[in-house]
Amino acid sequence: MKQCLFLFTACLLLCPGAFARTLNHPFVVNGKVWTYYRGNSTGESTWEEVFSLEGDTAIGSRQCIKLYLTRNRLYDPLDHLYKGALYEDDGKVYYIEPGSTTPALLYDFSSEPETIIKVGPTELTIKERKLYKYRGEYWTEIGWQPVEPDYQDYYNYIWYEGIGMTGASTLLGIYEGYGPWYTGGFISLVNCKVNDQIIFDPNEFYKSAEIVTGIVLPSDEEIGNGESSNGTWFDLQGRRLSGKPARGIYIEDGKKKVK
């Protein structure tokens, strides 16, 4: 047990960014839904754009999940368009357009600051990574900027790991060449759900999330037999576990505990 804690501590000290990278939320999940609220620059028209992941599909040798877009405009009929497919690999999310078998990077939640990546036609620089605690789970915020000076602003644009853009662009915006600098109106994420359960609400997040500035190892009292006071456990990737966990390090009530 002491050896396990020693190795865990050494990893955190030697690799300060490792904890933020490890506590991730998967992006590509069957039943996941993003609802965006969108309007034009004059405010004369507003509507919802809903992206949903619905059903597995094989494209080439890759297992993907199908992506759909539903627009709910006031004067237009409701549509439900197949937009392609997504898959995830080691913190990177790839998009495959309808009729294509060639993947393209859509999001990168794993790269270190000062890394340059390309999303669709746009080169981006990862600027910083921050770790937040929200609803008892840990979420990584990734700040970035376009490489091209004409599209840089005085602040970083933001992705949240497992969520993506929360404002100024929709799920596929940057890939489709419609980045935050092109909006001409307003776009904001209403919420993100998995199987009808809200997992991320931006307004709630901005009000209640706490930035994590350091890692506290569990105390002697917290290192017990692995029993949970409320029956809810999360692994170090922030995923809820069903039943009692096996041996290892887990999160319960926002604290790391060792079984």
### Message
I'm checking my understanding of the structure. Among residues of the range 93-119 that are closer than 16 Å to Val147 by Cα and of a type in the set (S, T, N, Q), which one is surrounded by the fewest Cβ atoms within 10 Å (Cβ to Cβ)?
### Response
Thr115
### Query
Quick check, is Ser100 in contact with a helix residue (DSSP H, G or I) (Cβ under 7 Å, 6 or more places away or on another chain), within 27 Å of Lys83 (Cβ to Cβ) and not aliphatic (A, V, I, L, M)?
no
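Please report, ordered by residue number, the strands (runs of 3 or more DSSP E) entirely within the range 66-136 with at least 3 residues that are touching a residue at least 24 places away in the same chain (Cβ under 8 Å) and on the phi < 0 side of the Ramachandran plot.
Ranges flagged: 81-89, 92-96, 104-108, 122-134.
So, Lys32, is that one assigned by TED's automatic domain parsing to the domain that holds Val194, within 21 Å of Ile198 (Cβ to Cβ), at pLDDT 95 or above and of a type in the set (Lys, Arg) or not? Step through it out loud before you land on a result.
Numbers: assigned by TED's automatic domain parsing to the domain that holds Val194: yes; within 21 Å of Ile198 (Cβ to Cβ): yes; at pLDDT 95 or above: yes; of a type in the set (Lys, Arg): yes.
Here the answer is yes, as Lys32 does meet what is asked.
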### Message
For the range 40-56: of the residues being under 17 Å from Phe186 (Cβ atoms) and exposed (fewer than 15 other Cβ atoms within 10 Å of the Cβ), which is modelled with the highest pLDDT?
### Response
Glu48
### Among (1) within 22 Å of Leu53 (Cα to Cα); (2) touching a helix residue (DSSP H, G or I) at 6+ places or on another chain (Cβ under 6 Å); (3) modelled with pLDDT of 90 or more - the single one Tyr134 does not satisfy
(1)
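Look at Glu114 and say whether it is over 16 Å from the mean Cα position of the chain (by Cα), within 29 Å of Ala209 (Cβ to Cβ) and charged (D, E, K, R).
yes
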## Note on the structure
Flagged in the range 198-220 as modelled with pLDDT of 95 or more and part of a strand (DSSP E or B), in numbering order, are Ile198, Ile199, Phe200
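Out of the residues in the range 137-171 meeting the condition of being more than 12 Å from the chain's Cα centre (by Cα) and part of a strand (DSSP E or B), tell me which one is modelled with the lowest pLDDT.
Of all residues in the range 137-171, those more than 12 Å from the chain's Cα centre (by Cα) come to 137, 143-157, 167-170.
Subset that is part of a strand (DSSP E or B): 137, 143-146, 157, 167.
On the way: Glu137: 90, Gly143: 92, Trp144: 92, Gln145: 89, Pro146: 89, Tyr157: 87, Gly167: 82.
Looking at the filtered set, the residue picked out is Gly167.
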### Query
If you check Thr70 against the conditions, is it hydroxyl-bearing (Ser, Thr, Tyr), surrounded by 14 or more Cβ atoms within 10 Å (Cβ to Cβ) and touching a His at 6+ places or on another chain (Cβ under 6 Å)?
yes
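What are the residues in the range 86-118 that are among the hydrophobic types (A, V, I, L, M, F, W, C) and either closer than 16 Å to Ile163 by Cα or outside the structural domain of Trp144 (by TED's automatic domain parsing) (or both), if any? Walk me through it before giving the result.
Our first condition is that a residue be among the hydrophobic types (A, V, I, L, M, F, W, C); within the range 86-118, this holds for 86, 93, 96, 104-106, 109, 116-117.
Across the range 86-118, the qualifying residues are Leu86, Val93, Leu105, Leu106, Phe109.
The values are calculated or read from the model by the stated rules, or taken from the named source; none is laboratory data. Everything numeric here is computed off the predicted structure, so don't read it as measured data. Methodologically, a virtual Cβ is constructed for each residue, glycine included, from the backbone with ideal geometry; neighbour enumeration extends over all protein chains shown.
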